[in-house]
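For reference, the structure discussed in these notes is given below.
Please treat every number below as a calculation from the coordinates, not as lab data. Here the structure is a predicted model, which is why all the values come from computation and not from measurement. Positions of Cβ are generated from backbone atoms using ideal geometry, with glycine treated the same way; all protein chains shown enter the neighbour counts.
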Amino acid sequence: MLDTHDSLQHQLDDTREKFLDQIPEGVKKKLFENLREMESSALLDDVIKQGDTAPDFTLPDAHGDKFSLSDTLCKGPMVLSFYRGEWCPYCTLEHKVMERIYPEIKMMGASLAAISPQTIEHTLSTAQNWKISFDMLSDEGNIVAREYGLVFTVDEAIREVYRDFGINIPEYNGDVSYKLPVPAIYIIDKSGVVRSAFVNVDYTLRMEPEDILTQLAQIV
């Protein structure tokens, strides 16, 4: 099993605190207010959840090859991750840890794939920069993320914050919609049923790798 002497969430919390220590109070206020608005909204009312059938899809991977959920499920269960993009430090931490547990996922006869709205070119650079060996998929236009009920539009005030930090989301995604998926982890059995789901509008909160392995072990 994975040695989790330092939990993923502890690393995420440390990253968040260091970031908050470096930014002006006005920026902190914008971020916190936006998070509260998202938490109180109906954003996740229609999200795919535990017990639902996972919508099937076919998407290009980082090399332009087609990846089909239904075809993959024929071989075994699936861990499916939706992430915001290479520019997100929390997504970076999460998926580097996912890479560490990927050998154990494969040993269970399961698959792992991550989906973002980035273009194929940026999906490839993400896989290379993060040194990822599992499937990284390009969901341009958030077509699949929308089927899973995860899509939201970045608030105008937050767009300004991102631009100030040099984060050009339209460049990463190839469009100017500023639409992103709420980060999510789905564990899907061979029949296509979601057996576990972790979805939170607070993008600094992610599912622990040990929990992924524990949930997956129950369905293999």
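Below are the figures for this structure:
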read-out	value
Counted charge near residue 187, where neighbours are those whose Cβ lies closer than 11 Å (Asp, Glu -1; Lys, Arg +1)	-1
Note, ³J(HN,Hα) from phi for the range 171-188, Karplus 6.51, -1.76, 1.60, rounded to Hz, x at Gly and Pro	5, 5, 9, x, 7, 10, 6, 6, 9, 9, x, 5, x, 8, 10, 10, 10, 10
Radius 13 Å from Cβ of residue 147, net charge of other residues (Lys, Arg +1; Asp, Glu -1)	-3
Listed peptides 183-194, 118-129, 60-71 by packing density, highest first (mean Cβ within 10 Å)	183-194, 118-129, 60-71
Rounded, prolate or oblate (a/c below 1.5 giving rounded, otherwise prolate when a/b exceeds b/c) for the range 1-129 by Cα gyration tensor	prolate
Listed residue (40, 148, 57) projecting farthest to the positive dipole end of the chain, Cβ model	57
Part-to-part distance (alpha-carbon centres) for the range 145-209 and the range 107-136, which is given in Å	15 Å
Compactness of the range 76-199 - radius of gyration and Dmax, Cα, Å	14.6, 45
The chain - mean residue ellipticity at 222 nm from DSSP helices (-39,500 (n - 2.57) per run, n ≥ 4, rounded to 500)	-12500 deg cm²/dmol
Above-threshold pairs, the threshold being 23 Å between Cα atoms, out of 131/190; 106/179; 18/96	131/190; 106/179
Charge sum, other residues only, whose C-beta stays under 13 Å from residue 37's C-beta, Lys/Arg counted +1 and Asp/Glu -1	-2
Among beta bridges that DSSP assigns inside the chain, antiparallel share in %, nearest 5	65 percent
Size of charge dipole - the range 111-216 - debye, nearest 20, with Cβ of Lys, Arg +1 and Asp, Glu -1, no other charges	220 debye
Translational diffusion coefficient (Stokes-Einstein; Kirkwood radius from C-alpha pairs) of the range 1-71 at 20 °C, 1.002 mPa s, in µm²/s	127 µm²/s
Long-range HN-HN contacts of residue 136 with modeled amide H, under 5 Å	62, 114
No Cys partner within the rule (Cβ under 4.7 Å), the chain	74
Cα pair distances in the chain, grouped into 5 Å bins until the bin that holds the longest one, percent each	1, 7, 15, 19, 22, 17, 11, 5, 2, 0, 0
